Ligand code: ATP
Ligand code: MG
C-alpha cells in the first residue's frame, strides 16, 4: 500500500466522568490538524460506564479486534465510575487495551512551565504498562492476603530499550528504579536486563537506584534526573510525584506504545489522571493533560509541527495567566480549551 495514501485512523474513547469533558477540548485539535493537511479520520466509540450500565458490555471482543486491526491510534479520556463499584468495566476496557495491544511503554514527561517553581526541569518517566503487580489476581483468606507480580524479559527489554534510546537522543542520564535487594526475582530480572543494555549503550550515563532512595533524591533535587525507567507499580508512584512537580494531576500527559508494533493499532494517548469523579460534570477539570497527550500523539505520528504548536499554545495560554481552578484560576474546562485553541496558528 502506498504510504502516501495512508489515512491515519484515530479512535476516540472519551469514557467516564471528567473523560468526556476533557476529550471535548482535544477533539477539535484533530479537526485543526486535518485542516492543516494531515490525513486523518476520527471515530468516537461509546465504551464506558454508561454503555456498560445500559448494555452489560464493557469492550466487546469484536470492538477490540476492530480497534486492533483497523485503527492506528487511540485517544483515550478516562474510565472509572462510582456506579460500577468494583471497577470491572474500567479493567475490561483500559487494561484490555494496554495488555491486548501490548502497549509496553507508558511515557510520562514532566516539563514544568516557565515561571513556575520547578521551571527548567525536564524529567521523563518510562513506566512498564502491561504487567508487574497490576495484572495477576491475588487471593485473600481471613487474616492473610496475597498479591502477585509478573515480569517477563520481553516486556522489560522493550521498556528499557525505549528508555535507553530516549536518554541517548536527549543526551541525558537514565536511572532505573528498583528494589532488587528485596524483590530478588522480579527486580533481579530488571537489573540483569538493565546491565545488559548498559553494556550495549556505553554512551548513556545509566545507573540503577533503589526506589526508596530515588524518591528521597527526587524530592530533594530532581534536576540531575533525565529519564527514569520503572516497573508498573514503581512507575505509578514516581510519575504521580513528577506530575506534582509540573503543576498537578490535571496537567500531566502520557503516551503508551508498542515498540515492536505487533498490531496496526500501536499507540494510545491519555492524560495521567483518571475520571476524577469528585469534580466530574461541573466544568472543573483541567483539559491541559488531555491536550498535551494529544500533542504527544501528534509527535508519535510524525506530525512534529502540530505537536509543537499545541505545546506552545498551552504554554502561551498559561503564561497569559489563564487557569482552571485546580491551578488557582476560575476558567471552566471549556473556557480553558478555547483559550488554548485561540493560540494555535
Ligand atoms: P480513577 O479511579 O478513574 O483513576 P480517581 O478517583 O483515582 O479516578 P483521579 O482522576 O486519578 O481520581 O484524580 C485524583 C485527584 O486529582 C482527584 O482529586 C481529582 O479531582 C484530581 N484531578 C484529576 N483529574 C483532574 C483534572 N483534569 N483537573 C483537575 N483536577 C483533576
Ligand atoms: Mg486514579
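Here are the numbers:
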{"item": "Those helices (runs of 4 or more DSSP H) lying entirely in segment 1-89 with at least 2 residues under 21 Å from the mean Cα position of the chain (by Cα) and either within 22 Å of residue 337 (Cβ to Cβ) or at pLDDT 95 or above (or both)", "result": "18-35, 61-70"}
{"item": "Residue check for residue 291: more than 16 Å from ligand 2 (Cβ to nearest atom), part of a helix (DSSP H, G or I) and under 30 Å from residue 65 (Cα atoms)", "result": "yes"}
{"item": "Hits in segment 281-298 (condition: touching a residue at least 40 places away in the same chain (Cβ under 8 Å) and surrounded by fewer than 20 Cβ atoms within 10 Å (Cβ to Cβ))", "result": "281, 283, 284"}
{"item": "Residues satisfying the stated conditions in segment 74-106, i.e. more than 16 Å from ligand 2 (Cβ to nearest atom) and touching a residue at least 40 places away in the same chain (Cβ under 8 Å)", "result": "74, 75, 97, 101, 102, 103, 104, 105"}
{"item": "Unmet requirement for residue 232, which otherwise passes all of (1) closer than 24 Å to residue 49 by Cα; (2) within 15 Å of ligand 2 (Cβ to nearest atom); (3) touching a strand residue (DSSP E or B) at 6+ places or on another chain (Cβ under 8 Å)", "result": "(1)"}
{"item": "Residues of segment 117-154 satisfying the condition of being at pLDDT 95 or above and under 17 Å from the mean Cα position of the chain (by Cα)", "result": "122, 123, 124, 125, 126, 127, 128, 129, 130, 131, 132"}
{"item": "Single unsatisfied condition, residue 176 versus (1) under 22 Å from residue 242 (Cβ atoms); (2) surrounded by fewer than 21 Cβ atoms within 10 Å (Cβ to Cβ); (3) under 21 Å from the mean Cα position of the chain (by Cα)", "result": "(2)"}
{"item": "Condition check for residue 280: within 11 Å of ligand 1 (Cβ to nearest atom) and at positive phi", "result": "no"}
{"item": "Strands (runs of 3 or more DSSP E) wholly inside segment 136-211 that include at least 2 residues being touching a strand residue (DSSP E or B) at 6+ places or on another chain (Cβ under 7 Å)", "result": "174-178, 206-210"}
{"item": "Test for residue 274: is it out of contact with any strand residue (DSSP E or B) (no Cβ under 9 Å at 6 or more places or on another chain) and touching a residue at least 40 places away in the same chain (Cβ under 8 Å)", "result": "no"}
{"item": "Residue 108, sole failed condition from (1) in contact with a strand residue (DSSP E or B) (Cβ under 6 Å, 6 or more places away or on another chain); (2) surrounded by 24 or more Cβ atoms within 10 Å (Cβ to Cβ); (3) in a loop (DSSP other than H, G, I, E, B)", "result": "(3)"}
{"item": "Residue list for segment 90-105, filter: more than 18 Å from residue 43 (Cβ to Cβ) and assigned to a loop (DSSP other than H, G, I, E, B)", "result": "102, 103, 104"}
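Results for (1) under 14 Å from the mean Cα position of the chain (by Cα); (2) at positive phi; (3) within 16 Å of ligand 1 (Cβ to nearest atom), shown as yes or no for each residue.
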position: 224; (1), (2), (3): no, no, no
position: 237; (1), (2), (3): yes, no, yes
position: 242; (1), (2), (3): yes, no, yes
position: 249; (1), (2), (3): yes, no, yes
position: 258; (1), (2), (3): yes, no, no
position: 271; (1), (2), (3): yes, no, yes
position: 292; (1), (2), (3): yes, no, yes
position: 300; (1), (2), (3): yes, no, no
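Residue by residue, here is whether (1) within 16 Å of ligand 2 (Cβ to nearest atom); (2) over 23 Å from residue 155 (Cβ atoms); (3) buried (at least 17 other Cβ atoms within 10 Å of the Cβ) holds:
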{"residue": "22", "(1), (2), (3)": "yes, yes, yes"}
{"residue": "37", "(1), (2), (3)": "no, yes, no"}
{"residue": "45", "(1), (2), (3)": "no, yes, yes"}
{"residue": "56", "(1), (2), (3)": "no, yes, no"}
{"residue": "72", "(1), (2), (3)": "no, no, yes"}
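The values are calculated or read from the model by the stated rules, or taken from the named source; none is laboratory data. Just so you know, these numbers come straight off a predicted model, no measurement behind them. Positions of Cβ are generated from backbone atoms using ideal geometry, with glycine treated the same way; all protein chains shown enter the neighbour counts.
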